[in-house]
1. Of all residues being without any contact (Cβ under 8 Å) to a residue 60 or more places away in the chain and part of a helix (DSSP H, G or I) in segment 173-189, which is nearest to GLU58 (Cα to Cα)? Just the residue, please.
2. Scanning for something of a type in the set (Lys, Arg) and either surrounded by 15 or more Cβ atoms within 10 Å (Cβ to Cβ) or touching a strand residue (DSSP E or B) at 6+ places or on another chain (Cβ under 8 Å) (or both), does segment 94-108 turn up at least one residue?
3. For segment 88-105, does any single residue satisfy the condition of being of a type in the set (Lys, Arg), under 13 Å from ILE21 (Cβ atoms) and either touching a Leu at 6+ places or on another chain (Cβ under 6 Å) or not in a loop (DSSP other than H, G, I, E, B) (or both)?
4. Please give the number of the condition VAL60 fails out of (1) free of Cβ contacts under 8 Å to residues at least 24 places away in the same chain; (2) surrounded by 21 or more Cβ atoms within 10 Å (Cβ to Cβ).
5. If you scan segment 3-32, which residues turn out to be hydrophobic (A, V, I, L, M, F, W, C) and closer than 16 Å to ALA187 by Cα?
6. Filter segment 155-172 down to residues that are among the polar types (S, T, N, Q) and either part of a loop (DSSP other than H, G, I, E, B) or over 17 Å from the mean Cα position of the chain (by Cα) (or both) and give me whichever is farthest from GLY17 (Cα to Cα).
7. So GLN46 passes all but one of these: (1) more than 15 Å from the chain's Cα centre (by Cα); (2) over 20 Å from SER166 (Cβ atoms); (3) at pLDDT below 95; (4) not small (Gly, Ala, Ser). Which condition number does it fail?
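The values are calculated or read from the model by the stated rules, or taken from the named source; none is laboratory data. Just so you know, these numbers come straight off a predicted model, no measurement behind them. Glycine gets a Cβ as well: all are built from the backbone with ideal geometry, and neighbour counts include every protein chain shown.
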Amino acid sequence: MQRIGILGGTFDPIHYGHLVIAEEARWTLGLAQIYVVPAAQQPFKQGQQRANPAQRMEMVERACAGNSALVPSDVELRRTPPSYTIDTLQDFRNRLGDSATIWFIVGGDALESLPHWHAAAEIISLARLAAVGRPGSAPDLTWLDAALPGLANSTDRVTGPQLDISSTALRRRVAAGQPIRYQVPEAVLTYIVEQRLYQT
């Protein structure tokens, strides 16, 4: 029985907060691999991306290098946007078959909005949810289960380090000429500098 995780996001840029979430979910749930999937265009973040899809994919590949458990995937970049989670989960389910157990890794803040996602009921039928605590976020599973029946039974909580790092804040720091070293992997920082990303 394969135990697989999927961590999606804009990753603009990917940072240590994302990687800590992935590692904590891998360890807590005994996952063999976690696919790290940059979105072509998230429905709730249209027009907010700063780096283009190829640049964000490159940063994900650099961030995952050296950890065989983290597998960069361009599955959403190969589809016409917007990027819907249900399509990604269906793609992995078709590829891995019914013998795999799939966890969709989601931050507590994103979990609160999940009942409003496209085909939300189908999402929890295709995968379990790994809800990772985020600073300042404590989702009420009772309320969420009332909004989306079955969500609570499909959710596993993952606790661990909560790094208060956000891609939005990192972009602002770069634009202001402030350092972001030690908040992103060194290879990602080098790429941001080389490509002059996020500068005004």
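1. Checking each candidate, the answer is LEU189.
2. no
3. no
4. (1)
5. If the condition is that a residue be hydrophobic (A, V, I, L, M, F, W, C) and closer than 16 Å to ALA187 by Cα, then PHE11, ILE14, LEU19 are the ones that fit.
6. Per the stated criteria, the residue is THR159.
7. Condition (2) is where GLN46 drops out.
Listed here are the residues, each with its yes/no results for (1) polar (S, T, N, Q); (2) exposed (fewer than 13 other Cβ atoms within 10 Å of the Cβ).
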residue	(1), (2)
ALA110	no, no
HIS116	no, yes
PRO139	no, no
LEU151	no, no
GLN162	yes, no
